[in-house]
Amino acid sequence: VGHRQMLERYRRRYADREAMGQLSFSQLRFESLDAGTVIVLGRWRLRRARDSPHGRFVLVMRKQQEKWRIVVDYTTAEGS
């Protein structure tokens, strides 16, 4: 699945902002591996009318063409 297909699916599924919910992050920790690579660890929570799933994440970010990009995303859910 390419970027365009993912974006279209996201827009269809979350056309209603209330259904999309409010995403927040906490307990962020940044660890630099070198000048162009950072690991980001933290917690996430999605608040919606019917539930509030949450969990942890680890991102590997690399600086590519002067922009930081996520190259690895490991996200887990801990419940709702």
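Contact annotation: residue pairs with Cβ atoms under 7 Å, 6 or more positions apart or on different chains, pairing a residue in the stretch 29-47 that is over 16 Å from THR76 (Cβ atoms) with a partner that is not in a strand (DSSP E or B), are ARG47/GLY21.
Of all residues in the stretch 43-52, those that are surrounded by 15 or more Cβ atoms within 10 Å (Cβ to Cβ) and farther than 14 Å from GLN27 by Cα total 1. Taking the stretch 59-71 only, how many residues are open to solvent by 50 Å² or more (accessible area, probe 1.4 Å) and out of contact with any Lys or Arg (no Cβ under 9 Å at 6 or more places or on another chain)? Result for the stretch 59-71: 4. Among the residues here, VAL1 qualifies as modelled with pLDDT under 90 and among the β-branched types (Val, Ile, Thr).
When each of GLU66, GLU78 is tested for being among the acidic types (Asp, Glu), closer than 22 Å to HIS3 by Cα and at pLDDT below 95, the lone residue that passes is GLU66. Considering every residue within the stretch 9-29, establish whether at least one is assigned to a strand (DSSP E or B) and open to solvent by less than 70 Å² (accessible area, probe 1.4 Å). Checking the stretch 9-29: at least one residue is assigned to a strand (DSSP E or B) and open to solvent by less than 70 Å² (accessible area, probe 1.4 Å).
The values are calculated or read from the model by the stated rules, or taken from the named source; none is laboratory data. In this text, all values refer to a predicted model and were calculated from it rather than measured experimentally. Every residue, glycine among them, receives a Cβ derived from its backbone with ideal geometry; neighbour counts consider all protein chains shown. These accessible areas exclude ligands, DNA and RNA; they are computed on the full protein's heavy atoms, side chains included. Shrake-Rupley method; radii C 1.70, N 1.55, O 1.52, S 1.80 Å.
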